[in-house]
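Step one of this worksheet: look at the structure below.
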């Protein structure tokens, strides 16, 4: 984003997009396309076409711009539209994660007697993150990469606040378990 | 205790609950270590550089939005 771009707020760009200004829409796309791409890559299965998800997201944003409310930040609004584009391709499983928390914690090293260190280097964390299921990558992207509030993450995913908290906690434990597994050749 | 670790890490627990967890952590090496490692993993995840948009993706998107 250039310094000139930064002076114009998302709200202004969305309002101008709603009024039919193609330049404003283009600037909105350029400002958020990388974040939508990262979210699509995290939340969608690997064989889904990220460009198609991006295209549907921004076309939906252009159509819905006049209904955008100022109190909703642009980024969660766009990622919620991306989430809908992903859902249209592949409806999400509504099955609850029933893995007992103690089991997840043990896989992450709890009650292991402190054996073995984990590798927290960038490449190790990147590989561990990539190996997680899309549901875990999605919630970690929203809460620990985009720094969304629980309320914003709930709006994107359609989950309750309580479900976001639970899913985030479980995803973090699975990330740690994966790091431990990778570090010890599991 | 296990269910509250992430909430504790994010500072979202009420004072009483956080205090009870701190008391537990002070006397339980296993839970203390788990919290330390989850915290370190989350910190490392947050420090990863953002993946840039590949140029071919930007080009394909620009074309798709024109069409």
Inset, instruction - Distance between Cα centroids, segment B:17-67 to segment A:154-186: provide it in whole Å. - result: 9
Legend entry - Using alpha-carbon coordinates, inclination of helix B:15-27 to the longest axis of chain B, degrees: 70
Legend entry - segment A:3-89, relative contact order in percent, only Cα pairs under 8 angstrom and at least six apart counted: 36
Inset, instruction - Kindly provide the helix-only [θ] at 222 nm of chain A, computed as the sum of -39,500 (n - 2.57) over DSSP H runs of four or more divided by all residues, to the nearest 500 deg cm²/dmol? - result: -20000 deg cm²/dmol
Legend entry - 0 to 90° range, to nearest 10: angle between helix B:29-47 axis and chain B longest Cα axis: 20
Inset, instruction - Bin width 10 Å, alpha-carbon pairs only: give the P(r) of segment A:126-165 as whole percents, running from 0 to the bin holding the largest distance. - result: 33, 51, 16
Inset, instruction - Provide, as a two-decimal number, the C-alpha radius of gyration of the protein assembly as shown over 2.2 N^0.38 Å, N being how many residues it has. - result: 1.11
Legend entry - Residue with peak Gaussian network fluctuation, chain A [Cα springs, cutoff 10 Å], from A:54, A:13, A:98: A:98
Inset, instruction - Would you mind telling me which residue in A:135, A:56, A:103 has the biggest mean-square fluctuation in a Gaussian network model of chain A, where springs connect alpha carbons within a distance under 10 angstrom? - result: A:103
Legend entry - Which of B:15, A:129, A:39 has the fewest Cβ neighbours within 10 Å, and the rest in rising order: B:15, A:129, A:39
Inset, instruction - Report the calculated FRET efficiency for residue B:28 and residue A:119 (r = Cβ-Cβ distance, R0 = 22 Å), to the nearest 0.05. - result: 0.30
Inset, instruction - Just rank A:136, A:49, A:10, fewest to most, by other beta-carbon atoms within 10 angstrom. - result: A:49, A:10, A:136
Inset, instruction - Over the Cα atoms of segment A:34-184, compute the convex hull volume and normalise it per residue, giving Å³. - result: 118
Inset, instruction - List the relative contact order of chain A as a percent without decimals, with contacts defined as Cα pairs under 8 Å and 6+ residues apart. - result: 24
Legend entry - segment B:2-66 - convex hull of alpha carbons, volume per residue in Å³: 122
Legend entry - Zone of residue A:11's modelled label, taken as backbone nitrogen in segment A:143-184 under 13 Å from a point 7 Å along Cα→Cβ: none
Legend entry - Burial ordering of A:90, A:167, fewest other beta-carbon atoms within 10 Å first: A:90, A:167
Legend entry - Acute angle (nearest 10 degrees) that the helix A:161-183 long axis makes with the longest principal axis of chain A, alpha-carbon atoms: 50
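Each reported figure results from applying straightforward, stated rules to the coordinates on display, with no laboratory input. What you see is a predicted model; the values in this text were computed from it and never measured. So basically every Cβ, Gly included, is an ideal-geometry build from the backbone, and we count neighbours across all protein chains shown.
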